[in-house]
Amino acid sequence: MNYSPFLILLLALVIALYFIFRNKRVARGNLSKSDLKLLRDHVDFYIRLDDAKKKIFEQKIIDFLSVVKIEDVGLDIEALDKLLVASSAVIPIFGFDNWRYKNLSSVVLYPDTFNKDFEFDGAESNIMGMVGTGYMNGQMILSQAALRHGFSRSAGKENTGIHEFVHLLDKSDGATDGVPENLLAHEYTLPWLKMMHEEMKRIESNKSDINPYALTNEAEFFAVVAEYFFERPEILKDKHPALYEHLSKIFSQEPL
Ligand SMILES: [Zn+2]
């Protein structure tokens, strides 16, 4: 008697079940009580959500941390740091159902700002965060001090973590150019570019409250106004209603 077709079928079934349950395991789980308290104490975006959306936010945090490694250079990572990195990642994509940062495998935390040679005690160490390119593709570097400051009450409309994840979203269509083609319907591309350039002129002539770092280029403009949108939505909506509306379309959410 020949058992091999039966054995092959059985093996296939076992493998299929393994993958089904493995994926389920990633999708389940809970944050600990102390994690939830850290979110409540530090993440305003989370505090503003209703209970049902808080649950979704928590799940997205778990999913993110199950696929992206958080590594450290010269410091001890605390639970708070992991949660703040994950929150920075989840906030910009909270309006999308199944977003995965395909172009990211790890986030490296440095104790403080660093320079372009990745030294944090060398000259011109003023970089707070960056998305890796070239051999560093798939990595993001963040200053722990800047990450924590971004979620503190005194940070105003600035948040380094959110800024860097918005660059990553922008990059997901192949170009970090301030125009997230796969999030913005084609007919909004030109109006969006026009709006960026008009606001850049106002910043240039000191007639805007947007951080002048936005003048660097369109990609920086997009990341800077996105920080503003998520950190101080009420002020942005009041002072720049058209910009607020465009960003709501791009991110498919209204943080107010
Ligand atoms: Zn930037």
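Take the residues in region 111-156 that are of a type in the set (Ser, Thr, Tyr) and within 16 Å of the ligand (Cβ to nearest atom); name whichever of them is nearest to Gly174 (Cα to Cα).
By that ranking, first place goes to Thr133.
Within region 201-214, is even one residue within 16 Å of the ligand (Cβ to nearest atom) and closer than 23 Å to Phe96 by Cβ?
no
Return the residues of region 97-122 that are within 21 Å of Leu80 (Cα to Cα), of a type in the set (S, T, N, Q) and out of contact with any Ser or Thr (no Cβ under 6 Å at 6 or more places or on another chain); say none if nothing qualifies.
Of everything in region 97-122, those that are within 21 Å of Leu80 (Cα to Cα), of a type in the set (S, T, N, Q) and out of contact with any Ser or Thr (no Cβ under 6 Å at 6 or more places or on another chain) turn out to be Ser105, Ser106.
Which one of Ile8, Ile15, Ile47, Ile70 is within 17 Å of the chain's Cα centre (by Cα) and either in a helix (DSSP H, G or I) or modelled with pLDDT of 95 or more (or both)?
Ile70
Here are some conditions: (1) surrounded by fewer than 20 Cβ atoms within 10 Å (Cβ to Cβ); (2) at pLDDT 95 or above. Gly156 meets all but one. Which one does it not meet?
Gly156 satisfies all of (1) surrounded by fewer than 20 Cβ atoms within 10 Å (Cβ to Cβ); (2) at pLDDT 95 or above except (2).
Mind counting the residues in region 123-141 that are within 15 Å of Ser106 (Cβ to Cβ) and either under 13 Å from the mean Cα position of the chain (by Cα) or open to solvent by less than 80 Å² (accessible area, probe 1.4 Å) (or both)?
Selection size over region 123-141: 9.
Pairs needed: first member in region 119-133, at pLDDT below 90; second member anywhere, among the acidic types (Asp, Glu) and surrounded by 11 or more Cβ atoms within 10 Å (Cβ to Cβ); C-beta distance under 7 Å; at least 6 residues apart or different chains.
Phe120/Asp112; Ser125/Glu119
Would you mind stating whether Glu164 is within 19 Å of Phe230 (Cα to Cα) and open to solvent by 50 Å² or more (accessible area, probe 1.4 Å)?
No; evaluated as a whole, the condition is false for this residue.
Assess whether Glu227 counts as being over 24 Å from Asp97 (Cβ atoms), within 16 Å of the ligand (Cβ to nearest atom), touching a helix residue (DSSP H, G or I) at 6+ places or on another chain (Cβ under 6 Å) and modelled with pLDDT of 95 or more.
No; evaluated as a whole, the condition is false for this residue.
What number goes with the only condition from (1) under 22 Å from Asn103 (Cα atoms); (2) of a type in the set (Ser, Thr, Tyr); (3) within 16 Å of the ligand (Cβ to nearest atom) that Ser252 does not pass?
(3)
Which numbered condition in (1) in contact with a Leu (Cβ under 9 Å, 6 or more places away or on another chain); (2) assigned to a loop (DSSP other than H, G, I, E, B); (3) free of Cβ contacts under 8 Å to residues at least 40 places away in the same chain is the only one that Leu75 fails?
(3)
The values are calculated or read from the model by the stated rules, or taken from the named source; none is laboratory data. For clarity, every value in this text was computed on a predicted model and none was experimentally measured. Cβ atoms come from the backbone with ideal geometry, glycine included; neighbour counts cover every protein chain shown. Ligands, DNA and RNA are excluded from the accessible area calculation, which covers all protein heavy atoms including side chains. Shrake-Rupley method; radii C 1.70, N 1.55, O 1.52, S 1.80 Å.
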